[in-house]
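Read through the structure below, which is laid out as structure tokens, and then see the notes.
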Amino acid sequence: MTASPELVQLLTPEGERVEHPDYDIELTAEEVRSLYRDLVLVRRVDLEAVSLQRQGELGIWASLLGQEAAQIGSGRAMAETDMAFPTYREHGVAWCRGVDPLYLLGLFRGVHNGGWDPYEHNFGLYTIVIGAQTLHAVGYAMGVQRDGAETATIVYFGDGATSQGDVNESFIWASVTNAPVVFFCQNNQWAISEPLEKQTRIPLYKRASGFGFPGVRVDGNDVFACLAVTRKALADARAGQGPTLVEAFTYRMGAHTTSDDPTRYRMAAELEAWKLKDPIERVKAYLFKNQLADQAFFDKVDEEADQLGRDTRRRCLELPDPEPVAIFENVYSGPHATLEEERDQYASYLAGFAE
Amino acid sequence: MAELTYRAAVAHGIAQEMARDERVVLVGEDVAGAGGVFKTTVGLLDRFGPNRVIDTPIAEQAILGAAMGAAMTGLRPVAEIMFSDFFAVCWDLVANEMAKTRYMTDGQVSLPLVVKTGNGGGLRFGAQHSQSVENWAMAVPGLKVVTPSTPRDVVGLMAAAVRCDDPVLFFEHKGLYAMKGEVPDGEVVDELGTAVVRRTGADATILALGLMVPRALAAADELAARGIDAEVIDVRSLVPLDTRTILASVAKTGHLFTVEENPRLLGWGAEIASIVADEGFWTLDGPIQRITTPHIPLPAADSLEDLVLPSADRIAATVEKSLQT
């Protein structure tokens with residue numbers, strides 16, 4: 001994967017800055033160090049979550065390993081008032097939106113259903129059903145369009161989701177309504193065990209032209225390029241120019257979820273090849289080569305990451321178990337006679353076990 | 001007081017809410033210029049404009065998904081699924097998304113939206129355009145489910161549905177669109193979760209919904225001629241369910257009959273029969289009987305469709321026979 005007219009890349013896997021005729025980005029040294037820090041921290045939280053799952057403390061976890069640049073780049077491109085609709089793997093975007101990772105862990109620990117306030121963070125609930133959130137995003141975009149607000153919506157989905165009816169319907173709707181929405185597809189090459197060629201015979205970003213809006217493929221392991229391309233797409237949306245499909249070309253370096261074993265269906269050599277394009281290593285190389293950071297900085301970030309991992313683990317284990325009768329809450333907006341009756345019956349049933 | 005058809009009452013009810021609250025928008029296939037394929041939205045485009053009365057692509061998942069997203073911006077969408085049978089192509093949005101969003105955000109996201117739909121048989125539309133699927137909706141926690149049987153109830157329940165902060169599935173009965181009835185002047189607002197006693201009687205309780213309400217009333221007239229005084233209750237709201245009105249009636253008459261257009265297995269009457277057997281068992285003087293469409297897809301031929309949907313004659317005969325034994 002090298003820079004080409006088809007692929008927007010601003011930072012090579014070796015950490016060299018390259019020019020692109022349509023996209024550029026000016027970043028201060030401080031901004032690059034901040035991007036690096038985010039990449040390292042979200043990878044560390046992700047690793048801790050995988051470990052917690054392996055130790056039986058989480059029910060399941062969908063690792064973002066390898067997709068940090070796509071998520072941090074696009075997440076940092078958002079304006080505060082922009083709204084994001086995630087899948088279940090957008091831990092890096094959640095980080096950028098100020099969502100405490102503890103909420104994500106609590107969701108997969110089963111002690112609550114998510115818990116963050118989507119409006120406080122402008123970050124929707126994790127959507128497990130593949131592709132459904134693309135429709136929510138378009139509806140949200142049509143809503144803010146009517147408000148006349150300069151707000152863009154960004155919706156995350158994967159390569160597998162592009163085969164879903166929902167996603168294609170959302171493309172059509174966004175197109176004909178000129179909705180201010182950015183379709184951010186993280187093409188991580190694998191839909192559980194199905195490789196990309198099971199979903200498409202043309203590059204995904206080219207599908208956009210058939211729906212009547214621009215599509216662009218960006219190096220999804222290049223945080224600079226992801227930031228620049230998403231920033232432009234969001235700005236276009238806010239300026240009334242309608243939707244853009246961004247295909248972030250990346251790689252799922254881990255399993256689909258902790259319930260999956262990718263060694264059963266893909267070659268180790270493929271993973272090794274992608275490791276050479278690691279999203280974090282290239283930023284580190286860039287910072288080093290250009291003397292924008294010293295070893296002390298990298299050590300400090302690593303230390304911070306370890307501390308975050310330890311804190312995340314401790315706080316996860318300290319999460320209180322919900323009261324069993326809490327399962328009857330929030331089914332409806334107000335009192336509901338049937339539910340109240342069932343809750344009372346359940347409570348008295350449970351009370352029967354008391355000494 | 002004006003006499004309106006059931007179909008005109010739908011537009012009237014939506015217009016009442018759109019005029020009151022600018023956050024109310026209408027989305028669906030053919031709802032704008034065409035005024036709806038069942039003419040239930042005639043005049044709304046002219047009155048409220050294309051920004052609030054929106055024709056959509058032919059994409060049911062998107063109608064509901066976008067209505068959900070729009071509701072998250074503070075709008076109160078009324079979305080139309082043309083035939084309730086088409087819920088089968090967008091059920092993910094109904095059952096997994098809109099029904100569970102409040103719960104899965106720990107109460108932080110409300111979806112104040114209404115999905116209106118043409119439900120039921122009697123119009124010879126065949127197996128895929130005639131179903132009564134309100135029992136599908138009843139099975140999903142998080143949804144509210146109503147079915148009006150009169151023009152007045154269309155307006156009042158539509159207002160209640162629009163003003164409700166939960167997703168409400170609003171089942172219009174296609175077989176009732178031409179029916180006429182009085183609608184009071186001024187604002188009409190009803191209450192979700194309330195049944196209505198349409199006819200009082202001492203000998204038997206007949207529960208009905210939608211098109212089955214006028215049939216149950218006709219059956220009650222037949223029964224009256226044979227000396228049986230039947231009470232007819234229009235259930236109207238399946239979720240929440242007005243069990244108090246139902247149990248009080250059964251306590252009085254001692255006999256319960258449900259008249260359901262849905263196919264037999266797990267129809268809404270089965271749930272009510274279970275509740276009455278549980279909570280009203282000692283008030284019963286005979287077995288609970290369900291009068292339903294058989295467990296078959298609906299035929300398109302008029303004679304066959306008439307044969308399988310519960311008719312006034314079948315209702316009356318079933319009640320009479322049951323009370324005689």
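Assorted remarks:
- Dipole-positive endmost among A:317, A:192, A:259 within chain A (Cβ charges, Cα centre): A:192
- The stretch B:134-265 - percent relative contact order, Cα under 8 Å, separation 6 or more: 29
- Cα-centre dipole for the stretch B:2-183 with unit charges at Cβ (Lys and Arg positive, Asp and Glu negative), debye to 20: 280
- The loop-placed trypsin sites (Lys or Arg not before Pro) in the stretch B:19-102, going by DSSP, include none that has at most 13 neighbouring Cβ atoms within 10 Å of its Cβ.
- When the protein assembly as shown is described by a simple charge dipole with +1 on each Lys and Arg Cβ and -1 on each Asp and Glu Cβ, the residue from B:88, B:205, A:34 located farthest towards its positive end is B:88.
- Surface exposure of the protein assembly as shown, expressed per residue as accessible area with a 1.4 Å probe, stands at 39 Å².
- Cβ-Cβ FRET estimate between residue A:146 and residue B:187, R0 fixed at 22 Å, reported to 0.05: 0.30
- Inter-part distance where the stretch B:180-254 and the stretch B:97-165 are each reduced to a Cα centre, Å: 20
- Percent carbon-and-sulfur accessible area, chain B, ignoring ligands, DNA and RNA, probe 1.4 Å: 54
- Alpha-carbon spread of the stretch A:142-285, three principal axes, descending order, Å: 50, 37, 27
- Test item: Cα-centred dipole of the protein assembly as shown, Lys/Arg +1 and Asp/Glu -1 on Cβ, debye: 880
- Chain B, relative contact order [Cα under 8 Å, separation at least 6], %: 16
- Note that the stretch A:52-66 has calculated 3J(HN,Hα) couplings of 4, 5, 4, 8, x, 8, 10, x, 7, 8, 9, 6, 9, 3, x Hz, one per residue in order, obtained from phi through the Karplus relation 6.51 cos²θ - 1.76 cosθ + 1.60 (θ = phi - 60°); glycine and proline are x.
- Close Lys pairs in the stretch B:2-183 (alpha-carbon distance under 19 Å; sequence gap of 8 or more, or different chains): 7.
- The stretch A:29-85 and the stretch A:100-137: distance between their alpha carbon centers, rounded to Å: 14
- 25 Å Cα-Cα reach of residue B:321 towards lysines, excluding residues that sit fewer than 8 places from it in its own chain: B:252
- You can think of it this way: the chain between residue A:14 and residue A:304 has 101.9 nm of extra reach, that is 0.36 nm per residue less the Cα-Cα gap.
- Heavy-atom accessible surface of chain A: percent carbon and sulfur, 1.4 Å: 51
- Contact order relative to length of chain A, as percent, for alpha carbon pairs under 8 angstrom and 6 or more apart: 24
- Note on the protein assembly as shown: Kirkwood hydrodynamic radius from all Cα pairs is 27.4 Å, rounded to one decimal.
- Interface residues of the stretch A:300-339, defined as those losing at least 30 Å² of solvent-accessible heavy-atom surface relative to the isolated chain (probe radius 1.4 Å), are listed as A:330, A:331, A:332, A:333, A:336.
- Percent antiparallel among DSSP beta bridges (both partners in the stretch A:126-217, rounded to 5): 25
- For the stretch B:237-299, applying the loop criterion from DSSP together with a ceiling of 10 other beta carbons within 10 Å to the trypsin sites (Lys or Arg not before Pro) yields no site.
- Relative to one another, the C-alpha centroids of the stretch B:1-36 and the stretch A:212-234 are positioned 43 Å apart.
- Residues of the stretch A:116-140 that lose at least 30 Å² of accessible area (1.4 Å probe, protein heavy atoms only) when the other protein chains are present, relative to their chain alone, are A:118, A:119, A:125, A:129, A:135, A:136, A:139, A:140.
- Whole-Hz ³J(HN,Hα) from phi, Karplus 6.51 cos²θ - 1.76 cosθ + 1.60, for the stretch A:232-246, glycine and proline x: 5, 5, 5, 5, 4, 4, 5, 7, x, 9, x, x, 9, 9, 9
- Within-15-Å neighbourhood charge of residue A:89 [Cβ basis; K, R +1; D, E -1]: -2
- Occluded residues from the stretch B:35-64, i.e. those whose accessible area drops by 10 Å² or more once the chain is not alone (1.4 Å probe): B:51, B:54, B:56, B:57, B:59, B:61, B:62
- Each chain gives up part of its surface: A and B jointly bury about 3200 Å² of accessible area, both sides summed, for a 1.4 Å probe.
- Here the stretch A:29-322 is described by how far its Cα atoms reach on the three principal axes: 51, 49, 41 Å, from widest to narrowest.
- The antiparallel fraction among DSSP beta bridges confined to the protein assembly as shown stands at about 20%.
- Of all DSSP-defined beta bridges confined to the stretch A:29-322, some 10% are antiparallel rather than parallel.
The values are calculated or read from the model by the stated rules, or taken from the named source; none is laboratory data. Predicted, not measured: the structure shown is a model, and the values here were computed from it. Glycine gets a Cβ as well: all are built from the backbone with ideal geometry, and neighbour counts include every protein chain shown. When the accessible area is computed, the model is the full protein with side chains, heavy atoms only, and any ligands, DNA or RNA have been set aside. Shrake-Rupley method; radii C 1.70, N 1.55, O 1.52, S 1.80 Å.
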